[in-house]
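K.L.:
Okay, handing you the structure first.
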Amino acid sequence: MIGIGLLLFLLLTATGILLVRNLFAVVILSGIYSLLMAGTFTILDAVDVAFTEAAVGAGISTVLLLAALGVVGQEDRGRNRRALIPIAVVVLAGVMLIYAVPEMPPFGSPEAPIHVHVAPQYIEETPSVIGIPNVVTAVLADYRGFDTLGEVTVIFTAGIGVLLLFAGRRRKYK
Amino acid sequence: MSVLGNFNYVIAITLSMIGLYVLIERGNLIKKLVGLNVFQSSVFLLYISMGKIDGGTPPIHYEGIAPFSNPLPHVLILTAIVVGVATLSVGLALVIRIRDAYGTIEEDEIQALDAESGGTE
C-alpha cells in the first residue's frame, strides 16, 4: 500500500515538473521526485540503489542544478512549441508500451525469467566465494568489476568535459 | 496478468512519457535536463520493479533469510544513476556556456539569434 502511495506521489511530482514555470520550483520538485524514487526503491528491496538515489539523485543533482540556476537565472519564459507532433509521439509511444505490459511476467513472481538465469548462482556463491554478505556489492565490485571500472571512466571523462567547457569561458552576456 | 497487477510498470511508462514530453516540448534548457532526469529515473523504476520477488528481502545474506530479490538489476541501476549525474553535469556546463554565448537559455530565442547571424556560423 505504501508502495502505491509513493508511486502516485511520483506521478504528481512529475506532473508538477511538467506544469510549473518557476525553474527554482522545478529543481526542488526534481529533488522531491528523486527522494520519492529512493523510497520506492527501498520498498522494492533495492536498498543500495535507494542509498545512491537519495545521495546522488536527491543530493548532488539538486545541488548541481541549483548552482546552474545561480548562473542562468530562474525564469522559464514559457516558450513551448505547442506543436501536435510531441504529444502524438509521446502518446503513441506510451500506448504501445502499455499495450506490451500484460505480456510482462507477473510483478513479483519468482518464476520470471530474470530470476532463474544467473542470479541464483550469484546469490548462492557470494558468501563462500567472495566472503561478504551483500550480494549487490559482490557483483558490483567483483563479478562485474570491469563494468565499475567503465563507470569510473565515464565519470572521469565527464569531469574532464566539464573542466574543458569552463576552461575557455568568456562572457559575452552578464 | 492484468494491467493492474503490473501497476509498477504502468507507472514507470507514464513517468517516462511525462519525462520525454518535457524533454522534447519545453523550450527551456534547464527544464529539458530535469525532464531527462525524470525519464532516466522511470527506467530505473522499471528495472528495479522487475527484480522484486513477492516476500523477498534485500539481497544481503544474514542467518539464512530468503528469498532474496534479484541483485542484478540493482547493480546495473547503481551504475546508471552515477552515469546519469555525470551526464547531467556535462549538460549543465553546456547550458551555462550557451547562456554565456547567447544570453538566453530558451531554445527558440537561440535559434532566432542563430538565424539572424547567418545560420551556419
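Please treat every number below as a calculation from the coordinates, not as lab data. What you see is a predicted model, and the numbers here were worked out from it, not measured in a lab. Positions of Cβ are generated from backbone atoms using ideal geometry, with glycine treated the same way; all protein chains shown enter the neighbour counts.
K.L.:
Within the stretch A:154-164, work out how many residues are facing chain B (nearest Cβ under 7 Å) and under 28 Å from A:VAL139 (Cα atoms).
P.N.:
Of all residues in the stretch A:154-164, those facing chain B (nearest Cβ under 7 Å) come to A:154-155, A:158, A:161-162.
Those still in the list that are under 28 Å from A:VAL139 (Cα atoms) too: A:154-155, A:158.
So the count comes out to 3.
K.L.:
Tell me which of these B:THR57 doesn't satisfy, since it passes every other one: (1) at the interface with chain A (Cβ under 7 Å from one of its Cβ atoms); (2) surrounded by fewer than 19 Cβ atoms within 10 Å (Cβ to Cβ); (3) touching a Leu at 6+ places or on another chain (Cβ under 9 Å).
P.N.:
Among (1) at the interface with chain A (Cβ under 7 Å from one of its Cβ atoms); (2) surrounded by fewer than 19 Cβ atoms within 10 Å (Cβ to Cβ); (3) touching a Leu at 6+ places or on another chain (Cβ under 9 Å), the lone unmet condition for B:THR57 is (3).
K.L.:
Now a separate question. Filter the stretch A:1-30 for residues that are crowded, with 19+ Cβ neighbours inside 10 Å and within 13 Å of A:GLY59 (Cα to Cα) and give the result.
P.N.:
Selection gives A:VAL27, A:LEU29, A:SER30.
K.L.:
Here's something else I'd like to know. Among the residues of the stretch B:11-24, is any touching a residue at least 40 places away in the same chain (Cβ under 8 Å), within 25 Å of A:PRO105 (Cα to Cα) and not charged (D, E, K, R)?
P.N.:
Scanning the stretch B:11-24, I find no residue that is touching a residue at least 40 places away in the same chain (Cβ under 8 Å), within 25 Å of A:PRO105 (Cα to Cα) and not charged (D, E, K, R), so the answer is no.
K.L.:
Hey, another quick one. Can you pull out every residue in the stretch A:11-26 that is in a helix (DSSP H, G or I), in contact (Cβ under 8 Å) with a residue 12 or more places away in the chain and more than 7 Å from chain B (Cβ to nearest Cβ)?
P.N.:
A:THR13, A:GLY16, A:PHE24
K.L.:
Before we move on, is B:VAL75 crowded, with 18+ Cβ neighbours inside 10 Å, in contact with a Leu (Cβ under 8 Å, 6 or more places away or on another chain) and in contact (Cβ under 8 Å) with a residue 60 or more places away in the chain?
P.N.:
No, not satisfied.
K.L.:
Another question, then. Out of A:GLU125, A:GLU151, I need the residue that is more than 7 Å from chain B (Cβ to nearest Cβ) and either in a helix (DSSP H, G or I) or closer than 27 Å to B:VAL82 by Cα (or both). Which one?
P.N.:
Values: A:GLU151 fails: more than 7 Å from chain B (Cβ to nearest Cβ).
Checking each option against the conditions leaves just A:GLU125.
K.L.:
Condition first: charged (D, E, K, R), in contact with a Gly (Cβ under 6 Å, 6 or more places away or on another chain) and farther than 17 Å from B:GLU106 by Cβ. Can you find one or more residues in the stretch A:29-52 that meet it? Talk me through it step by step, then tell me what you get.
P.N.:
Residues of the stretch A:29-52 that are charged (D, E, K, R), as a first pass: A:45, A:48.
Within this subset, residues satisfying the condition of being in contact with a Gly (Cβ under 6 Å, 6 or more places away or on another chain) are A:45.
Going one step further and asking which of them are farther than 17 Å from B:GLU106 by Cβ, we end up with A:45.
Yes.
For every residue, the table says whether it meets (1) part of a helix (DSSP H, G or I); (2) among the β-branched types (Val, Ile, Thr); (3) without any contact (Cβ under 8 Å) to a residue 40 or more places away in the chain.
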site	(1), (2), (3)
A:GLY3	yes, no, no
A:PHE9	yes, no, yes
A:GLY57	yes, no, yes
A:LEU65	yes, no, yes
A:GLU75	no, no, no
A:VAL91	yes, yes, yes
A:GLU111	no, no, yes
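K.L.:
Separate question: List the number of the failed condition for B:ILE65; all other conditions in (1) facing chain A (nearest Cβ under 7 Å); (2) surrounded by fewer than 23 Cβ atoms within 10 Å (Cβ to Cβ); (3) hydrophobic (A, V, I, L, M, F, W, C) hold.
P.N.:
(1)
K.L.:
Scan the stretch B:36-53 and tell me whether some residue there is crowded, with 23+ Cβ neighbours inside 10 Å, touching a Phe, Trp or Tyr at 6+ places or on another chain (Cβ under 9 Å), more than 21 Å from A:PHE107 (Cβ to Cβ) and at the interface with chain A (Cβ under 7 Å from one of its Cβ atoms).
P.N.:
Yes, the stretch B:36-53 has at least one match.
K.L.:
Determine, yes or no, whether A:LEU140 is assigned to a helix (DSSP H, G or I), surrounded by 11 or more Cβ atoms within 10 Å (Cβ to Cβ) and not small (Gly, Ala, Ser).
P.N.:
Considered against the rule, which asks whether it is assigned to a helix (DSSP H, G or I), surrounded by 11 or more Cβ atoms within 10 Å (Cβ to Cβ) and not small (Gly, Ala, Ser), A:LEU140 comes out as yes.
K.L.:
Counting only residues that are within 9 Å of chain B (Cβ to nearest Cβ) and more than 19 Å from B:PRO58 (Cβ to Cβ), how many does the stretch A:131-148 have?
P.N.:
Total satisfying the criteria: 2.
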